[in-house]
1. Where in region 235-310 are there helices (runs of 4 or more DSSP H), lying fully within it, with 2 or more residues that are over 28 Å from residue 169 (Cα atoms), without any contact (Cβ under 8 Å) to a residue 24 or more places away in the chain and in contact with a helix residue (DSSP H, G or I) (Cβ under 8 Å, 6 or more places away or on another chain)?
2. Over 17 Å from residue 160 (Cα atoms), buried (at least 19 other Cβ atoms within 10 Å of the Cβ) and touching a residue at least 40 places away in the same chain (Cβ under 8 Å): is that true of residue 101 in this structure?
3. Failed condition for residue 15, given (1) modelled with pLDDT of 95 or more; (2) crowded, with 18+ Cβ neighbours inside 10 Å; (3) under 21 Å from residue 154 (Cα atoms), with all others met?
4. Does residue 65 satisfy the condition of being more than 30 Å from residue 142 (Cβ to Cβ), without any contact (Cβ under 8 Å) to a residue 40 or more places away in the chain and in contact with a helix residue (DSSP H, G or I) (Cβ under 8 Å, 6 or more places away or on another chain)?
5. Mind checking which pairs have a first residue in region 115-137 that is more than 20 Å from residue 91 (Cα to Cα) and a second that is surrounded by fewer than 18 Cβ atoms within 10 Å (Cβ to Cβ) and at pLDDT below 95, Cβ under 7 Å, 6 or more apart or different chains?
6. When region 214-238 is examined, which residues are found to be farther than 18 Å from residue 290 by Cα, under 28 Å from the mean Cα position of the chain (by Cα) and buried (at least 17 other Cβ atoms within 10 Å of the Cβ)?
């Protein structure tokens, strides 16, 4: 069993800790449990939180000595230095092979160990400038949701912590198992780490004149980007610019993502053969569906269906 230990401190962010608890520490009926989850702190006892209540933490830093993954779920205030005991415990855990993971402001604690020197990392976009100024030896990537080097991994703010945790589950136990956990959490099964943290909102409530709903209703056809552009009387180039500005992706990528999302629903909820599903979502053939599905979900349609049926 893979041991995940979250290192908390006063005042602990409840949401960032909750991200780790939901993915690694929550037992769910019908879902295999591959992780043991525990919380530790430098001074065991009552730890105040940002929610206005305290949590009781009984384990001290010795819990890190047997952890396979150590998570730092936020570090507030971010200018709070590491004690020598915490720094040594983190470095010792890393040296024996533990994976060190940070959520949001937790990167400031990991940065103070020196383990991120010469590497790329990310954090919440509002704190990226401060991280770069205080730790110029780190290549800060403010537009990424998460950065994973295998032995150390960092995520952007709040919700991106869930993306990183699901990414780690995917790496440990496969995309189908991660997708199952994501479904129970009502989360997207996979957001790539390179996805933008922040996309400006559309200038109005219907920036595409109903195009998205129109396209969703036609996923089972050979709908093209050119046909989408013609529907709202713009050129494909103009449509591409609107999609990129308002959704952060091009119309072709958006259309493909919707086709794969529809395929996921059919795999979960029906017994339709894969070749029938491929036609129903507009991907034409089972070969094309398998290729696109693996690219976006990280596993095959058959493996995905077996996980949910299991």
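The values are calculated or read from the model by the stated rules, or taken from the named source; none is laboratory data. No experiment lies behind these values; they were computed from the predicted model shown. Positions of Cβ are backbone-derived with ideal geometry, glycine not excepted, and every protein chain shown enters the neighbour counts.
1. 236-247
2. So residue 101 does not fit the description; no.
3. Result: residue 15 fails condition (1) only.
4. When the stated conditions are applied, residue 65 passes them.
5. Short answer, once both residue conditions are applied: 125/198.
6. 215
The rows are residues; the columns are (1) more than 20 Å from the chain's Cα centre (by Cα); (2) modelled with pLDDT under 95; (3) under 22 Å from residue 128 (Cα atoms).
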position: 23; (1), (2), (3): no, yes, no
position: 46; (1), (2), (3): yes, no, no
position: 52; (1), (2), (3): yes, yes, no
position: 67; (1), (2), (3): yes, no, no
position: 74; (1), (2), (3): no, yes, yes
position: 79; (1), (2), (3): yes, yes, yes
position: 84; (1), (2), (3): yes, no, no
